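Following: one structure in structure tokens, then a few remarks.
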């Protein structure tokens, strides 16, 4: 008996094949592209996700015919907050609007003024969330809005293709801003605030519950023997927590992936919307989590490597070889705006302190430190929300660098645990949820942490030196924050149109 985990990411779909002993037999991926047709916009074609799923699954099937044929459960994970808008025929009415799309900043501000809703939803509405997107759609694309039969999250479009069911799980629904987190049910008041009702929402299940079965035509094409169940699954953050065993009260991890998260599992709902911390349902019944969410993580290093025209590993080696202490340059890592702690889609990246002798290595070090400082800001928000960290696991592509992990641990003044196989990510957590949905086992027996490689302790001298640089980092953002706005948008800011693009807020032609 085997299990299949599928993660619909932003840059790729990843699929893992897991056996009954929780060993990953194989994994495969298929790349995705992002369309940015206008300033602050970020979109993808939902059918491109399905094509990528077929490609990744096809590679697993080809390389592992017997184990793949033994799949009895499928779990789904995916990028959160995306708006997949379906008409009466269950076909997308337009490209999906993604989590890192900032066009609905005005609508988010408007929803934030609705009394009581942010507390119930566990967080202030932010432009990347699903609810403000629909309010924007109602005003800017009214014909599309009127045609919306169902709003799905990205992974749930894959579920629709697999099972024919329009269903989501609690953790992914949490990121829409339409969920009453304590009740684990849709909020009629939040839906009404965006002109929607329950009839346009998918059904709700727990992440470890069954949501349907694989359709006969898909099973035949994939070479599966029916029945194959599909679990509720989870948003990528919660699925990552399940994969790392971060399911008990107080367990935590730091994710240094394309974006960044500080994630703490909780046994009760602990909203603190004023801190910009997300308090959401976890993927398991009776569990929630608090999370600081940053839009810019290891993607900043990939951007710097492309800018400098060099390989990431080489740049990391050069930065480590030349490391003598904090860089003289400060880097604001807000290439895609920011959520925690600024809730500012207009913020942008900045190098400050360049001189004629600035070399590649110092630029790269400043990028590593700038991302680390943004995590330190996020940890301060968690502490303000009543959840100070004492230690955490560290995962994501950036965590493969021990040098960066050391910088991060010192900036956070926090021991960080590096795990074996931590790069399995949300797809592995989704496979665990598939197993739970099939077997009904105790989650605590299945969702265990991976073996520890090492604990990276903060360097006391470096932590002390970083405190001063962190304060300078914060002052730099505050000094530049007004420059991220334009007079056209007034207080709260906005980004003007670029030459050759449609202005933000224009109707799509």
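When residue 75 is tested against (1) in contact with a helix residue (DSSP H, G or I) (Cβ under 6 Å, 6 or more places away or on another chain); (2) farther than 17 Å from residue 159 by Cβ, just one condition goes unmet, and that condition is (2). Only one entry of 247, 214 meets the criterion of being touching a strand residue (DSSP E or B) at 6+ places or on another chain (Cβ under 7 Å) and within 21 Å of residue 56 (Cβ to Cβ), and that entry is 214. Scanning region 292-348 for residues that are in a helix (DSSP H, G or I), in contact with a strand residue (DSSP E or B) (Cβ under 8 Å, 6 or more places away or on another chain) and modelled with pLDDT of 95 or more turns up 300, 303.
Quick check, is residue 119 in contact (Cβ under 8 Å) with a residue 12 or more places away in the chain and over 22 Å from residue 239 (Cα atoms)? If you could, list the steps in order and put the result at the bottom.
Working: in contact (Cβ under 8 Å) with a residue 12 or more places away in the chain: yes; over 22 Å from residue 239 (Cα atoms): yes.
Answer is yes for this residue.
Per-residue answers, yes or no, for (1) at pLDDT below 95; (2) within 30 Å of residue 52 (Cβ to Cβ); (3) crowded, with 23+ Cβ neighbours inside 10 Å; (4) over 21 Å from the mean Cα position of the chain (by Cα):
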{"site": "117", "(1), (2), (3), (4)": "no, no, no, yes"}
{"site": "144", "(1), (2), (3), (4)": "no, yes, no, yes"}
{"site": "154", "(1), (2), (3), (4)": "no, yes, yes, no"}
{"site": "159", "(1), (2), (3), (4)": "no, yes, yes, no"}
{"site": "163", "(1), (2), (3), (4)": "no, yes, no, yes"}
{"site": "178", "(1), (2), (3), (4)": "no, yes, yes, no"}
{"site": "190", "(1), (2), (3), (4)": "no, no, yes, yes"}
{"site": "196", "(1), (2), (3), (4)": "no, yes, no, yes"}
{"site": "204", "(1), (2), (3), (4)": "no, yes, no, no"}
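Considering (1) in contact with a helix residue (DSSP H, G or I) (Cβ under 9 Å, 6 or more places away or on another chain); (2) in a loop (DSSP other than H, G, I, E, B); (3) surrounded by fewer than 16 Cβ atoms within 10 Å (Cβ to Cβ), the lone condition that residue 89 does not fulfil carries the number (1). Please specify each residue of region 392-440 satisfying the condition of being in a loop (DSSP other than H, G, I, E, B) and more than 21 Å from the chain's Cα centre (by Cα). The answer is 413, 414, 415, 420, 440. Looking only at residues in region 447-460 that are out of contact with any strand residue (DSSP E or B) (no Cβ under 6 Å at 6 or more places or on another chain) and closer than 15 Å to residue 412 by Cβ, the one that is surrounded by the most Cβ atoms within 10 Å (Cβ to Cβ) is 458. Residues in region 165-176 include none that are surrounded by fewer than 19 Cβ atoms within 10 Å (Cβ to Cβ), more than 27 Å from residue 436 (Cβ to Cβ) and modelled with pLDDT of 95 or more. Residues of region 257-275 being part of a loop (DSSP other than H, G, I, E, B), farther than 19 Å from residue 240 by Cβ and in contact (Cβ under 8 Å) with a residue 24 or more places away in the chain, which ones? Answer for region 257-275, where residues must be part of a loop (DSSP other than H, G, I, E, B), farther than 19 Å from residue 240 by Cβ and in contact (Cβ under 8 Å) with a residue 24 or more places away in the chain: 269, 270, 271, 272. Of all the residues in region 349-366, those that are touching a residue at least 40 places away in the same chain (Cβ under 8 Å), closer than 20 Å to residue 481 by Cα and not in a strand (DSSP E or B) number 1.
Taking region 22-41 as the search range and keeping residues that are part of a loop (DSSP other than H, G, I, E, B) and free of Cβ contacts under 8 Å to residues at least 60 places away in the same chain, which one is farthest from residue 337 (Cα to Cα)? Explain how you work it out, then say what you get.
In the first step, residues of region 22-41 are kept if they are part of a loop (DSSP other than H, G, I, E, B); the result is 22-23, 32-34, 36-37, 39-41.
When the remaining residues are screened for being free of Cβ contacts under 8 Å to residues at least 60 places away in the same chain, the result is 23, 32-33, 36.
Details: 23: 38, 32: 21, 33: 20, 36: 14 Å.
Only one residue fits best here, namely 23.
The values are calculated or read from the model by the stated rules, or taken from the named source; none is laboratory data. Fair warning: this is a prediction, and the values are worked out from it, not measured in the lab. All Cβ positions, even for glycine, are placed from backbone atoms using ideal geometry, and neighbour counts span all protein chains on display.
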